[in-house]
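Engineer: Just dropping this structure here.
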Amino acid sequence: MTRRRQVYEGKAKILYEGPEPGTLIQYFKDDATAFNAQKKGTINGKGVLNNRISEHIFTLLGAIGMPHHFIRRLNMREQLIRQVEIVPIEVVVRNVAAGSLSKRLGIEEGTPLPRTIVEYYYKDDALGDPMVSDEHIAAFGWAGQEELHEMADMAIRVNDFMSGLFAGIGIRLVDFKLEFGRLYENDFSRIILADEISPDGARLWDMTTNEKLDKDRFRRDLGGEVEAYQEVARRLGLLPEGGDPVVVDLESRRGKGK
Ligand code: TMP
Ligand code: ASP
């Protein structure tokens with residue numbers, strides 16, 4: 001077997017060279033980090049669940065006309081994606097006060113926001129991903145004016161779609177983070193949705209109990225991380241009877257002595 005060339009390793013994923021030019025393989029790890037990687041851990045089976053959840057959401061978004069990097073899932077932990085140039089801006093959309101917004105502005109977690117808020121963070125681990133405004137983004141050229149509008153519009157469309165999707169399965173979409181990439185076609189580039197959409201980068205609360213079904217379980221040492229991710233997958237209809245993908249994956253890996 002030939003070893004694939006690793007293109008990039010992030011905190012939760014690895015990117016490998018894809019089978020054709022312009023493609024990559026996105027591998028989902030079980031590694032979890034929080035607070036700019038000051039807290040590190042492993043959530044057994046998280047990668048399998050995030051691969052499946054992200055596949056599902058990207059596929060649905062594609063069906064409503066949202067351009068994205070996802071091509072197809074290859075196996076339990078890998079998906080084939082289009083190679084893009086990642087825009088160094090994390091776009092956060094908030095419907096309900098939580099996390100850093102609650103801390104910064106002293107608004108109690110769980111308070112519905114008077115309107116949806118879009119925020120930008122500059123992707124720089126050394127700086128701890130600082131919040132920036134559209135002025136900073138324009139001044140430093142991290143994204144063009146048109147690109148930024150495109151990203152904000154797409155983020156709102158994703159929010160509208162996902163709020164409804166999750167409400168339908170009894171989950172409140174509190175907030176989430178998106179990343180975008182530039183897809184080059186001849187002399188032009190266009191913005192498409194990239195990275196992943198999973199409980200790692202979203203706050204998902206059970207609508208009746210307010211139970212957290214996302215990475216805050218890890219960030220805040222609440223326990224039951226994998227059960228929470230599994231619950232999200234189950235409600236999305238992604239866990240077929242008798243075939244829990246996490247158990248299957250862990251057993252197959254054990255079988256191979258890994
Ligand atoms: P925050 O409240 O910590 O700013 O996070 C807002 C949302 O964005 C939350 O759903 C988690 C997500 N997020 C990430 O996925 N990665 C990050 O680096 C940060 C800061 C937030
Ligand atoms: N994933 C980011 C980190 O490692 C932040 C977070 O999600 O809390 O640090």
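Engineer: Among the residues of segment 232-242, which ones are open to solvent by less than 20 Å² (accessible area, probe 1.4 Å) and in contact with a strand residue (DSSP E or B) (Cβ under 8 Å, 6 or more places away or on another chain)?
Structural biologist: Selection gives Val232 alone.
Engineer: Search segment 12-54 for residues being open to solvent by 10 Å² or more (accessible area, probe 1.4 Å) and among the aromatic types (Phe, Trp, Tyr), and hand back the single one that is nearest to Gln83 (Cα to Cα).
Structural biologist: Once the filter is applied, the top-ranked residue is Tyr16.
Engineer: So, in segment 184-212, exactly how many residues are closer than 15 Å to Ala233 by Cβ and among the hydroxyl-bearing types (Ser, Thr, Tyr)?
Structural biologist: 1
Engineer: Could I ask something else about it? List the number of the failed condition for Tyr229; all other conditions in (1) aromatic (Phe, Trp, Tyr); (2) open to solvent by 50 Å² or more (accessible area, probe 1.4 Å); (3) within 16 Å of ligand 2 (Cβ to nearest atom) hold.
Structural biologist: In the conditions (1) aromatic (Phe, Trp, Tyr); (2) open to solvent by 50 Å² or more (accessible area, probe 1.4 Å); (3) within 16 Å of ligand 2 (Cβ to nearest atom), Tyr229 misses (2) alone.
Engineer: Residue under question is Ala12, and the condition is that it be within 16 Å of ligand 1 (Cβ to nearest atom), at pLDDT below 95 and either under 15 Å from Gln79 (Cβ atoms) or not polar (S, T, N, Q) (or both); does it hold?
Structural biologist: Here the answer is no, as Ala12 does not meet what is asked.
Engineer: Residue pairs, Cβ under 7 Å, 6 or more apart or interchain, first in segment 32-46 and touching a residue at least 60 places away in the same chain (Cβ under 8 Å), second part of a strand (DSSP E or B) and away from ligand 1 (no atom under 15 Å from the Cβ). List them.
Structural biologist: If the second residue must be part of a strand (DSSP E or B) and away from ligand 1 (no atom under 15 Å from the Cβ), the pairs left are Ala32/Gly41; Ala32/Thr42.
The values are calculated or read from the model by the stated rules, or taken from the named source; none is laboratory data. Note that this is a predicted model, so its numbers are computed, not measured. Virtual Cβ from ideal backbone geometry, glycine too; neighbours counted across all protein chains shown. Note: accessible area is taken over every heavy atom of the protein model, side chains too, but ligands, DNA and RNA are not part of it. Shrake-Rupley method; radii C 1.70, N 1.55, O 1.52, S 1.80 Å.
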